[in-house]
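The next block holds one structure in the form of structure tokens; read it before the comments.
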Amino acid sequence: MTWRYSISIIAVLFHFTLRAQFSPQPKELTERYFADPDIEISTPAFESKRGFTEYEDMMPFLQKLAAQYPETMSLSFIGESQKGEKIPLVKLKKANVSGQPIKVWMQGGLHGNEPASTEGMLWLIQQILEKPDYFKLLDRLELAIVPMANIDGMNKGSRYAANGLDLNRDQTKLNAPESTVLKTAFNAFAPEVAVDFHEYRPFRRDYARLSSYGVTVPYDVMFLYSGNLNVPKNLRLYTKDRFVQAAADALKAKNMTSHDYFSSTKVMGAIQFNQGSHNARSSATSYALTNCVSSLIEIRGVGLGRTSFKRRVLSTFTVALSYLQSSYEHGEELRAVIAKAREDQSPAVVSTERLKEERDIYMIDVESNDSISLRGVVRDAWQSTAKLSRTRPTAYILLPENTALVARLKTLGLEVQNLDSPQNLEIESYTVREYQQEAEEYEGVHRQELQCELKTESLEIPAGSFVVYMDQKHANLAIEVLEPEAPNSFVSFSVFETKAGAQLPYYRYLSNKKLHP
């Protein structure tokens, strides 16, 4: 045996051990707070009893179910991963259902080191098909499920896609092929409810500095639902009050704990906590900006290996089932909320500021295994205020050379029309007043920070220009990607580059007069 071969064997064994076995969580803490339930789960990872489900394990499992239930389950492919694996889409729908079913989109495995998300989706599919109490949900619902969104990452236990990008930071710039095909499939399905399942890391480096020997997060599940102010307020509140609360109650009934999502951050060397999110680059907000009920579900699991894996999968399943039941029971109410949200004409919010205040943060002390309370600064996205807002335009107008931007807008689900003839229009133009490009890369780009001056002027808009009207379902996404100072805009993520003094190649149109018949 050569030394190179020996090292290769050691590397493989180390990878497997790290991914499947190692856990920083003491056995006593696990038994006290996160014991596995006494249930049977027959998805691939539990059939093998070690490791996690990879693509080659998942596909026979799905194909077998599709063959057993051909009238209810369809299995198709929406595109390929960067390494050529076909990304499966499972649809569950009863034939000859009266009325229009509520459409629900669910996905797992967007981060490849979060295996309970994929396993939970596989178990959900199986249980709906095999259990009459769950099968009846399809009387009023139609489901689209992507159980493994990041196949390449899942196969190697990595958070990232093959090109090193985080797919949950790519929802607006769309620089990964998987992002494009997932968004295209999402928009083709046009869901009214969308849920993205993840796992979070309960032992963070920052937490080791708290208490005597560190702390860990005590919650089975944390809910991330958007605080973005371009998501209509009625939709934000309804998501929390109807869907999140019901799921929290369902978890409590199974003796599992939950909380609104938070994570640690450092400000001037001091640990603070960010609660919630308003970033359109993440699925929770990206989906919500399409005017649907949206949540990102964080299950306690990253870095724990197989510890509490059955409990993590049950947590995933419990939340997924709750969201389905809420959709089933409140379909008419849900559609009324969405219809009202689509009529919202609030100003376009470009940038926001989180509420910052001291609060009690509950953790588990690693030394004593007791629940403790820590006083800390919390920056709350769900209580944000607008720093910069502008009048909501009637439309954005993009010059003919912006075909690459238009392609991304269409991928995001926005309808784009063309001007057939030149028109003299009064518009607002953007001129870059202050500009800075970051030296360090973030997600493969050098981000641009700028401030713009808006100027009202009359311009000859050429034929072939593109018009994005703001009375469409996905209109609020246009604000996030086209207002240049927005933190997730095309300019911010260097989808196209600019400089100080430049005028941007698109405009805001404020007149109520339509440019098309």
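The values are calculated or read from the model by the stated rules, or taken from the named source; none is laboratory data. Quick caveat, the model's predicted, so the values are computed rather than measured. When we count neighbours, we look across all protein chains shown, and the Cβ atoms used for this are built from the backbone with ideal geometry, even at glycine.
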Looking across the stretch 407-451 at residues that are of a type in the set (Ser, Thr, Tyr) and outside any strand (DSSP E or B), the single one that is surrounded by the fewest Cβ atoms within 10 Å (Cβ to Cβ) is SER421
_Any residue that is among the hydrophobic types (A, V, I, L, M, F, W, C) and within 30 Å of ALA478 (Cβ to Cβ) - is there at least one of those in the stretch 239-249?_
yes
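When you scan the stretch 184-192, do you find a residue that is under 30 Å from ASP370 (Cβ atoms) and either among the basic types (Lys, Arg) or in contact with a strand residue (DSSP E or B) (Cβ under 8 Å, 6 or more places away or on another chain) (or both), even just one? Break it down into steps so the answer makes sense when it comes.
In the first step, residues of the stretch 184-192 are kept if they are under 30 Å from ASP370 (Cβ atoms); the result is none.
Looking through the stretch 184-192, none of the residues is under 30 Å from ASP370 (Cβ atoms) and either among the basic types (Lys, Arg) or in contact with a strand residue (DSSP E or B) (Cβ under 8 Å, 6 or more places away or on another chain) (or both).
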- Could you check, for the stretch 339-354, whether at least one of its residues is assigned to a strand (DSSP E or B), surrounded by fewer than 19 Cβ atoms within 10 Å (Cβ to Cβ) and polar (S, T, N, Q)? yes
Taking the stretch 357-385 and keeping only residues that are surrounded by 14 or more Cβ atoms within 10 Å (Cβ to Cβ) and either assigned by TED's automatic domain parsing to the domain that holds ASN230 or not in a strand (DSSP E or B) (or both), one is left with VAL366, ASN369
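Okay, residues lined up against (1) farther than 24 Å from ALA502 by Cα; (2) out of contact with any strand residue (DSSP E or B) (no Cβ under 7 Å at 6 or more places or on another chain):
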{"site": "LEU374", "(1), (2)": "yes, no"}
{"site": "GLN383", "(1), (2)": "yes, no"}
{"site": "LEU399", "(1), (2)": "no, no"}
{"site": "ARG408", "(1), (2)": "no, yes"}
{"site": "ILE427", "(1), (2)": "no, no"}
{"site": "GLU434", "(1), (2)": "no, no"}
{"site": "SER458", "(1), (2)": "no, no"}
Residues of the stretch 85-135 being within 14 Å of ASN150 (Cβ to Cβ) and either touching a Cys at 6+ places or on another chain (Cβ under 8 Å) or surrounded by fewer than 16 Cβ atoms within 10 Å (Cβ to Cβ) (or both), in sequence order, are LYS86
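So how many residues does the stretch 468-492 have that are farther than 21 Å from VAL445 by Cβ and part of a loop (DSSP other than H, G, I, E, B)? Please lay out each step first, then the result.
Narrowing the stretch 468-492 to residues farther than 21 Å from VAL445 by Cβ: 468-476.
From the residues that got through so far, the ones that are part of a loop (DSSP other than H, G, I, E, B) too are 470-474.
Qualifying residue count for the region: 5.
Restricting to the stretch 415-430, count the residues that are under 18 Å from LEU405 (Cβ atoms) and in contact (Cβ under 8 Å) with a residue 60 or more places away in the chain.
So in the stretch 415-430, the residues under 18 Å from LEU405 (Cβ atoms) come out as 415-419, 427-430.
Next cut, in contact (Cβ under 8 Å) with a residue 60 or more places away in the chain only: 417, 419, 427-430.
Going through the stretch 415-430 one residue at a time, the tally reaches 6.
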Residue in the stretch 290-303 that is part of a strand (DSSP E or B) and either of a type in the set (Gly, Ala, Ser) or surrounded by fewer than 24 Cβ atoms within 10 Å (Cβ to Cβ) (or both) present:
yes
(1) more than 29 Å from VAL445 (Cα to Cα); (2) over 18 Å from the mean Cα position of the chain (by Cα); (3) not charged (D, E, K, R) all hold for VAL104 apart from (2)
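Here's a check for you: in the stretch 389-406, which residue that is more than 17 Å from THR180 (Cα to Cα) and among the small types (Gly, Ala, Ser) is surrounded by the most Cβ atoms within 10 Å (Cβ to Cβ)?
So the residue we want is ALA395.
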In the stretch 224-245, is there at least one residue being assigned to a strand (DSSP E or B) and modelled with pLDDT of 95 or more? yes
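So is GLN63 within 18 Å of ALA185 (Cβ to Cβ), within 29 Å of the chain's Cα centre (by Cα) and at pLDDT 95 or above or not?
Values: within 18 Å of ALA185 (Cβ to Cβ): no; within 29 Å of the chain's Cα centre (by Cα): yes; at pLDDT 95 or above: yes.
Judged against the criteria, GLN63 is not a match.
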Tell me yes or no: at least one residue of the stretch 184-196 is over 20 Å from ALA320 (Cα atoms), of a type outside the set (Phe, Trp, Tyr), part of a loop (DSSP other than H, G, I, E, B) and not assigned by TED's automatic domain parsing to the domain that holds ASN488. no
